[in-house]
Each structure stands twice: as C-alpha cells, then as structure tokens.
Amino acid sequence: SFSMALRSALRQDPNVVFVGEMRDLETISSALTIAETGHLVFSTLHTNSAAQTMDRIVDVFPEGMKDQVRVQMAEVISAVVSQRLIPTVDGKRAPAFEILVATSAVKNIIREGKTFMIDNVIQTGGDLGMIGMETSLARLVKSGRVLEETAMLYALRPQELQNRLRSIK
C-alpha cells in the first residue's frame with residue numbers, strides 16, 4: 001500500500017521525501033507525519049493559491065480532526081509555492097507564481113484557521129521573499145512576455161492585477 005511504501009522509505013533514512021500529488025486523506029496524512037519526523041517533504045496539490053492550498057489540506061480531514069491538522073500544518077510548513085503556466089506572446093508558456101513563506105505570523109494564521117488573511121500577509125511580505133500571483137502576472141506583462149488580456153484570464157483577483165499594472169506603467 002502507499003502508506004506502507006512511505007514507512008519503508010523512511011527506514012532508508014532519507015533527508016528529503018517527495019510525496020507526489022496529495023489527492024486523498026491517506027496521502028496528506030502520511031506527508032504530515034513524515035514532516036513531523038523532521039524530514040523535508042515536497043509535494044504537489046492542484047490549487048490556485050497558497051491560501052487555497054492550506055484550506056484543501058485541512059478540508060480533506062473529518063470535522064473532528066481539522067483543528068489538530070491545522071496545528072500540525074503550522075508546525076511543519078516551510079513554504080507554499082503556487083504556480084500557473086501562462087501562455088506567452090511567442091506561443092510558449094511562462095510561470096507565474098505565488099510564494100508564501102511560513103513566518104511565525106503565517107503559522108499562527110494557519111493554526112487559528114484564518115487562511116483568508118494569507119493574501120494580505122503575502123502582499124506585505126515581499127521583503128521576506130513572498131510574492132503574490134498578481135504581482136508575478138504584472139511582471140510578465142511589463143516584460144512583454146504575456147499580453148495583459150491573457151494575464152487577466154489567469155488572475156485570481158483581476159482588480160488587483162489592474163491596480164498593479166497601472167502602478168508599473
């Protein structure tokens with residue numbers, strides 16, 4: 001089984017574990033457990049933002065476990081990188097990304113279940129390496145790699161993207 005395979009992998013004394021896509025309770029639970037043992041865990045999850053990633057992980061668990069999972073997440077998370085591949089003017093694709101660094105404030109937000117605050121933390125955390133999706137999209141438009149209309153299609157908050165585009169022109 002998948003969980004037995006992960007336990008066997010841990011017996012090999014790895015420093016880093018790549019879990020692949022977290023689609024279900026068993027996989028997410030295993031990834032959290034592995035991270036709690038001190039291993040660096042990389043995984044993927046199909047979401048559109050860092051806040052949505054946190055919500056998706058917690059929401060897969062039964063109601064009675066959600067508070068515990070929030071505490072676990074807050075203890076083990078290092079960062080979330082959300083990436084979207086955007087069609088470019090030359091027919092290729094360019095990554096637009098959102099980066100959330102797990103500062104003590106972010107960990108507290110996760111622990112308290114206030115993920116709606118994550119977007120604001122990202123916007124004010126640029127000096128800590130954080131970047132919002134709209135900022136990344138605006139940079140792609142400014143560089144001429146992506147059309148503004150295309151960026152708008154991929155924006156999570158189109159009005160914010162418009163504001164960013166106006167401020168950099």
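The values are calculated or read from the model by the stated rules, or taken from the named source; none is laboratory data. Owing to the predicted nature of the structure, the values given are computational and were not obtained by experimental measurement. Using ideal geometry, Cβ is built from the backbone for each residue, glycine included, and neighbour counts are taken over all protein chains shown. The accessibility values were calculated without ligands, DNA or RNA, using every heavy atom of the protein model including side chains. Shrake-Rupley method; radii C 1.70, N 1.55, O 1.52, S 1.80 Å.
If we count every other residue with Cβ under 11 angstrom of ALA96's Cβ, Lys/Arg +1 and Asp/Glu -1, where does the sum land?
+2
Out of the total accessible area of the chain (probe 1.4 Å, heavy atoms of protein only), what percent is carbon and sulfur?
C and S atoms contribute 52 percent here.
Given the -39500 (n - 2.57) contribution per DSSP H run of 4+ residues, what per-residue ellipticity at 222 nm results for the chain, rounded to the nearest 500 deg cm²/dmol?
Dividing the helical sum by the residues of the chain leaves -14500 deg cm²/dmol.
Of HIS46, HIS39, which has the most accessible area and how do the rest follow, probe 1.4 Å?
Correct descending sequence by accessible area is HIS46, HIS39.
List the trypsin sites (Lys or Arg not before Pro) within region 1-71 that DSSP assigns to loop and that have no more than 15 neighbouring Cβ atoms inside 10 Å.
ARG11, ARG23
Compute the long axis of helix 25-36 from its Cα atoms, compare it with the longest principal axis of the Cα atoms of the chain, and write down the angle in degrees, 0 to 90, nearest 10.
That helix lies at roughly 80 degrees to the long axis.
Round to the nearest 10 and give me the degree value, 0 to 90, for the angle of helix 50-59's Cα axis relative to the longest principal axis of the chain.
The answer is roughly 30 degrees.
What distance in nm separates the simple spin-label points at THR103 and ASP24, each placed 7 Å from Cα in the Cβ direction?
Modelled inter-label distance: 3.9 nm.
Among (1) 32, 18, 14; (2) 27, 22, 12; (3) 28, 21, 15, only one was calculated for this model; which label is it, if the read-out is semi-axes √(5λ) of the Cα gyration tensor in Å?
(1)
Net charge near ALA74, counting Lys/Arg +1 and Asp/Glu -1 over other residues with Cβ under 15 Å of its Cβ?
0
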